[in-house]
1. Checking Asp94 against (1) modelled with pLDDT of 90 or more; (2) open to solvent by 50 Å² or more (accessible area, probe 1.4 Å); (3) in a helix (DSSP H, G or I); (4) not β-branched (Val, Ile, Thr), which test does it fail?
2. Just to be sure, is Ala83 aliphatic (A, V, I, L, M), out of contact with any His (no Cβ under 9 Å at 6 or more places or on another chain) and surrounded by fewer than 17 Cβ atoms within 10 Å (Cβ to Cβ)?
3. Out of the residues in the stretch 129-160 meeting the condition of being hydrophobic (A, V, I, L, M, F, W, C) and touching a residue at least 24 places away in the same chain (Cβ under 8 Å), tell me which one is surrounded by the most Cβ atoms within 10 Å (Cβ to Cβ).
4. Which residues, taken from the stretch 97-118, are open to solvent by 90 Å² or more (accessible area, probe 1.4 Å), closer than 13 Å to Thr145 by Cα and either without any contact (Cβ under 8 Å) to a residue 24 or more places away in the chain or in contact with a helix residue (DSSP H, G or I) (Cβ under 7 Å, 6 or more places away or on another chain) (or both)?
5. Restricting to the stretch 67-91, what's the tally of residues that are at pLDDT 85 or above and of a type in the set (A, V, I, L, M, F, W, C)?
6. What residue, among those in the stretch 132-166 that are in a strand (DSSP E or B) and of a type in the set (Asp, Glu), is modelled with the highest pLDDT?
7. What residue, among those in the stretch 31-58 that are under 18 Å from Ala121 (Cβ atoms) and of a type in the set (A, V, I, L, M, F, W, C), is modelled with the lowest pLDDT?
Amino acid sequence: MTPNSQHDKTGEEGFALYLAIGFIVLISVLAGSVGTRLNVASLSEARQNDRRAALDDAEASLGHAWHTLSAQFALDNTWPSSAVSASDTELTGDREKCLSAHETTQTDFFASARSGTGARAQRFFVKRDGSTYRLYGCGFDDKGTRAAFGLYDVSGSDLTLNRVRRY
């Protein structure tokens, strides 16, 4: 074995070592990038699910409002003025959170009792303007308030849906 062949073999081994280290670093960077993207996607999905829960509560509350209205409307054409509105401690804050962005006057809405446990709760608000009912279902959680709106027209004892919105 000549001295040059030993030097060539050591150089090749060094080059192979650098190549292996570079490959490991490249794979680590790529894996870290994929992991970061997965974490960001997971956090985004979790945030959407958190907000979805409040919207689901708002829509469920709107359904309760419609059910209450349709069940009691057949019995009393002056409802909700004849109904007894809720008067709990959270009512003023809930009116403000749910209705202030959409209605100029909130106090003439019938308010249901607040239902829910922990940070999540729901309630609905109903107002009659002539032959039109304005219904708001509200979902409350620690991240904010979501609302679902329904506009119904009254004809005899029939309720006809005109518009539904989510906020």
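The values are calculated or read from the model by the stated rules, or taken from the named source; none is laboratory data. Please read these numbers as outputs of a predicted model, since none were measured by experiment. Cβ sites come from the backbone with ideal geometry, for glycine too, and all protein chains shown count toward neighbours. Only protein heavy atoms, including side chains, enter the accessible area calculation; ligands, DNA and RNA are left aside. Shrake-Rupley method; radii C 1.70, N 1.55, O 1.52, S 1.80 Å.
1. Here Asp94 meets the rest and fails (2).
2. Numbers: aliphatic (A, V, I, L, M): yes; out of contact with any His (no Cβ under 9 Å at 6 or more places or on another chain): yes; surrounded by fewer than 17 Cβ atoms within 10 Å (Cβ to Cβ): yes.
Considered against the rule, which asks whether it is aliphatic (A, V, I, L, M), out of contact with any His (no Cβ under 9 Å at 6 or more places or on another chain) and surrounded by fewer than 17 Cβ atoms within 10 Å (Cβ to Cβ), Ala83 comes out as yes.
3. Within the stretch 129-160, the match that is surrounded by the most Cβ atoms within 10 Å (Cβ to Cβ) is Cys138.
4. none
5. Qualifying residue count for the region: 2.
6. Applying the filter and picking the extreme gives Asp141.
7. Restricting to residues being under 18 Å from Ala121 (Cβ atoms) and of a type in the set (A, V, I, L, M, F, W, C), the top hit is Ala53.
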